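In what follows, a single structure is set out as structure tokens and then discussed.
The values are calculated or read from the model by the stated rules, or taken from the named source; none is laboratory data. All figures in this text were calculated on a predicted structure; none of them were measured in a lab. Note that we place each Cβ from the backbone using ideal geometry, even for glycine, and neighbour counts take in every protein chain shown. Just the protein is used for accessible areas: all its heavy atoms, side chains included, with ligands, DNA and RNA removed. Shrake-Rupley method; radii C 1.70, N 1.55, O 1.52, S 1.80 Å.
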Amino acid sequence: MEKPDGDRAPSLAHVYLHLVGSERERPQDRRAADEVAAAAPALVDLARQSTRFLMEAVAYCARQGVDQFLDIGSGTPGSPPVHEAAHAVNPAARIVYVDSDPGAPSRVPPRHFDATRRVWQIKAAAGDTEGILSHGTVIRVLDLTRPVAVLWTSTMSLIPDHDDPVGIARAMMEEMPSGSHMVMSHVTSDGADPEMLAYVHRRNPLFHRPLQLRRRHQIVSFFDGLDLVGPGLVPVTDWPAPADPPVVLPLSGYAAVGRKP
Ligand SMILES: C[S@@+](CC[C@H](N)C(=O)[O-])C[C@H]1O[C@@H](n2cnc3c(N)ncnc32)[C@H](O)[C@@H]1O
């Protein structure tokens, strides 16, 4: 695996997207993804579980009547297909995909952006709450007087403590009206297999954005001021309910949906 050196370094974000099925990633990301998948298949399972949770949570929010989605750190827009999960419940739902990574080519057919006026993408940094909410597209597409579902799946797992990820999530929800939802999944070191932890610590320095392993008590603080819905903050495998038989991952994550009262 290459060391970080600008555009030629593997991007953990793109590696992740390749692991969950995107076929449009760069060769260095595909190589890194193959290496990760061979050395640590548990990371692939975790990524897939997070995607499964995201689809469930988007459908849940849409069933609650939320018809506006702000997917921050969306990765390649449309992979995973948040707009499809939302439109399966409410074909009129509007989705804005937000990511800072300009290298992610869209997987959403252009007609979604141009003709139906239901799916948009913008480039912005996750921490720039003001920049996101004052972006012309967001102003045009989202009505911030009505509930919005803000999605942060596997995004905060790439934002280091010194960038204040909890403050970022909080600032965004402060701008959202009552009835808005926050959807988050986050990798954890809790209960992790020591070999998996050693692998992550060994590989992390090679990535542009290292994986931030956090404990449950840290992850729950993202939801301060929100009412947790469904099963609460649970292992990502267990939202909305544990599988039968239960799935236990050697490196897991937590997931939750919070509603702003
Ligand atoms: C692991 S991917 C997750 C993608 C998608 N949310 C999902 O659940 O499959 C994390 C994404 O967050 C983006 N990201 C990480 N830090 C960011 C930041 N500070 N601002 C904007 N996007 C960021 C990366 O570019 C990447 O596309």
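Answer with yes or no whether Val187 is among the β-branched types (Val, Ile, Thr), in a strand (DSSP E or B) and either touching a helix residue (DSSP H, G or I) at 6+ places or on another chain (Cβ under 6 Å) or under 29 Å from Ala33 (Cβ atoms) (or both).
Considered against the rule, which asks whether it is among the β-branched types (Val, Ile, Thr), in a strand (DSSP E or B) and either touching a helix residue (DSSP H, G or I) at 6+ places or on another chain (Cβ under 6 Å) or under 29 Å from Ala33 (Cβ atoms) (or both), Val187 comes out as yes.
I'm trying to understand the selection: among the residues of the stretch 233-248, which are open to solvent by less than 20 Å² (accessible area, probe 1.4 Å) and assigned to a loop (DSSP other than H, G, I, E, B)?
Of everything in the stretch 233-248, those that are open to solvent by less than 20 Å² (accessible area, probe 1.4 Å) and assigned to a loop (DSSP other than H, G, I, E, B) turn out to be Leu233, Trp239.
Find the residue count for the stretch 138-197, including only residues that are of a type in the set (Lys, Arg) and either free of Cβ contacts under 8 Å to residues at least 60 places away in the same chain or under 20 Å from Pro231 (Cβ atoms) (or both).
Adding up the residues that qualify gives 2.
Say we look at the stretch 84-102 and pick out the residues that are within 13 Å of Ala149 (Cβ to Cβ) and part of a loop (DSSP other than H, G, I, E, B); which of these is nearest to the ligand (Cβ to nearest atom)?
Ala93
Which members of the stretch 111-147 meet the condition of being modelled with pLDDT of 90 or more, open to solvent by less than 60 Å² (accessible area, probe 1.4 Å) and touching a helix residue (DSSP H, G or I) at 6+ places or on another chain (Cβ under 9 Å)?
Correct list: Ala124, Ala125, Ala126, Gly127, Thr129, Ile132, Leu133, Val138, Leu142, Leu144, Pro147.
Applying the selection to the stretch 158-178, what residues are away from the ligand (no atom under 15 Å from the Cβ), surrounded by fewer than 18 Cβ atoms within 10 Å (Cβ to Cβ) and in a helix (DSSP H, G or I)?
Once the filter is applied, which keeps residues that are away from the ligand (no atom under 15 Å from the Cβ), surrounded by fewer than 18 Cβ atoms within 10 Å (Cβ to Cβ) and in a helix (DSSP H, G or I), the stretch 158-178 yields only Glu174.
From Gly75, Gly65, grab the single residue that is on the phi > 0 side of the Ramachandran plot and either away from the ligand (no atom under 14 Å from the Cβ) or at pLDDT 95 or above (or both).
Of Gly75, Gly65, the one residue that is on the phi > 0 side of the Ramachandran plot and either away from the ligand (no atom under 14 Å from the Cβ) or at pLDDT 95 or above (or both) is Gly65.
Output the number of residues of the stretch 27-80 satisfying the condition of being surrounded by fewer than 23 Cβ atoms within 10 Å (Cβ to Cβ), farther than 23 Å from Asp101 by Cβ and touching a Phe, Trp or Tyr at 6+ places or on another chain (Cβ under 8 Å).
Matching residues across the stretch 27-80 total 2.
Please enumerate the residues belonging to the stretch 179-208 that are crowded, with 18+ Cβ neighbours inside 10 Å and within 21 Å of Leu70 (Cβ to Cβ).
Scanning the stretch 179-208 gives Ser180, His181, Met182, Val183, Met184, Ser185, His186.
Please go through the stretch 156-181 and pick out each residue that is in contact with a helix residue (DSSP H, G or I) (Cβ under 6 Å, 6 or more places away or on another chain) and among the aliphatic types (A, V, I, L, M).
Listed by number, the residues that qualify are Met156, Ile159, Val166, Ala169, Ala171, Met172.
Could you list, in sequence order, the residues of the stretch 142-158 that are in contact with a strand residue (DSSP E or B) (Cβ under 9 Å, 6 or more places away or on another chain) and closer than 15 Å to Ile72 by Cα?
The answer is Leu142, Val148, Ala149, Val150, Leu151, Trp152, Thr153, Ser154, Thr155, Met156, Ser157.
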